[in-house]
1. Using beta carbons and a limit of 7 Å, which pairs, at least six apart or on different chains, have the first residue in region 133-152 and without any contact (Cβ under 8 Å) to a residue 60 or more places away in the chain and closer than 18 Å to TRP102 by Cβ and the second one surrounded by 11 or more Cβ atoms within 10 Å (Cβ to Cβ) and of a type in the set (Gly, Ala, Ser)?
2. Please verify whether region 51-72 includes one or more residues that are closer than 21 Å to GLU139 by Cα, buried (at least 19 other Cβ atoms within 10 Å of the Cβ) and either touching a residue at least 60 places away in the same chain (Cβ under 8 Å) or in contact with a strand residue (DSSP E or B) (Cβ under 7 Å, 6 or more places away or on another chain) (or both).
3. Residues being aromatic (Phe, Trp, Tyr) and not in a loop (DSSP other than H, G, I, E, B): count how many of those fall in region 39-69.
4. Here is a list: ARG31, ARG27. Which entry is basic (Lys, Arg) and more than 19 Å from LEU154 (Cα to Cα)?
5. Only residues that are touching a Gly at 6+ places or on another chain (Cβ under 8 Å) and either of a type in the set (Lys, Arg) or more than 25 Å from ALA79 (Cβ to Cβ) (or both): list them for region 3-46, please.
6. Can you pull out every residue in region 81-108 that is surrounded by 12 or more Cβ atoms within 10 Å (Cβ to Cβ) and either over 17 Å from LYS47 (Cα atoms) or among the charged types (D, E, K, R) (or both)?
7. Which residues, counting only those in region 77-101, are farther than 25 Å from LEU150 by Cα and assigned to a loop (DSSP other than H, G, I, E, B)?
8. Identify the residue in region 109-129 that is over 13 Å from SER14 (Cα atoms) and of a type in the set (A, V, I, L, M) and, among all such residues, is surrounded by the fewest Cβ atoms within 10 Å (Cβ to Cβ).
Amino acid sequence: MGKEHLLWIVCDVSGSMSEGGKHLLARGVARMSEQYCRLGYGCAELKLVAWSKEARVADWLPDQEFPPEMLVCEGAASAKALVGLLGEQPHGKVLLITDGFWPDNDARTLKRWKERLLPDTLRVIKAGSDASPRLKGAEVFSAEELWAALDGWLEGGAA
């Protein structure tokens, strides 16, 4: 398939994600993304990230069960923690699965971070029908549009 990219699959595990099964939707999107790559539709090394007040890489290998700790949702999502883990210019691409409910300061930090990213680095997958209306832009997709978000994205662009 060509050169393999790094794909950060960032799952928002803040408290609001426990409402309405959004944490289960995030699990499904992460698993579908893994399958997309494993079955050869995309080419990426995957890193699963749990993001709330801290951002940390989960111990997960493709084709393994989703880590149970990824389904524990609590606290508020910290933009500083996410940018601290991924960096101002992440190596690879970022698939962010979230409902978009962040404190205003964090929303501003994420907006500034997003504006400085190389083109085509970020895809945001909205989790839940009640996702924040602030989630908008060409890089934002609903969970139902995951295939469209991934199609052709992992084969080129900023890596």
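1. Close Cβ pairs satisfying both conditions: ARG134/GLY100; ARG134/ALA107; LEU135/GLY100.
2. First, the residues of region 51-72 that are closer than 21 Å to GLU139 by Cα: 51.
Cutting the leftovers down to buried (at least 19 other Cβ atoms within 10 Å of the Cβ) gives us 51.
The next check asks that each one be either touching a residue at least 60 places away in the same chain (Cβ under 8 Å) or in contact with a strand residue (DSSP E or B) (Cβ under 7 Å, 6 or more places away or on another chain) (or both); those that pass are 51.
Yes, because at least one residue in region 51-72 is closer than 21 Å to GLU139 by Cα, buried (at least 19 other Cβ atoms within 10 Å of the Cβ) and either touching a residue at least 60 places away in the same chain (Cβ under 8 Å) or in contact with a strand residue (DSSP E or B) (Cβ under 7 Å, 6 or more places away or on another chain) (or both).
3. Initially, region 39-69 is screened for residues aromatic (Phe, Trp, Tyr), giving 41, 51, 60, 66.
Adding the requirement that they be not in a loop (DSSP other than H, G, I, E, B) leaves 51.
The qualifying residues number 1.
4. Numbers: ARG31 fails: more than 19 Å from LEU154 (Cα to Cα).
Exactly one of ARG31, ARG27 is basic (Lys, Arg) and more than 19 Å from LEU154 (Cα to Cα), namely ARG27.
5. LYS22, TYR36, CYS43
6. Matches in region 81-108: LYS93, ASP99, GLY100, PHE101, TRP102, PRO103, ASP106, ALA107, ARG108.
7. Hit for region 77-101 is SER78, nothing else.
8. Filtering region 109-129 for residues that are over 13 Å from SER14 (Cα atoms) and of a type in the set (A, V, I, L, M), the one surrounded by the fewest Cβ atoms within 10 Å (Cβ to Cβ) comes out as LEU118.
Taken together, the values in this text are just the output of simple stated rules run on the coordinates, not laboratory data. Computed from a predicted model, the values in this text were never measured in an experiment. Backbone-built Cβ (ideal geometry, glycine too); neighbour counts: all protein chains shown.
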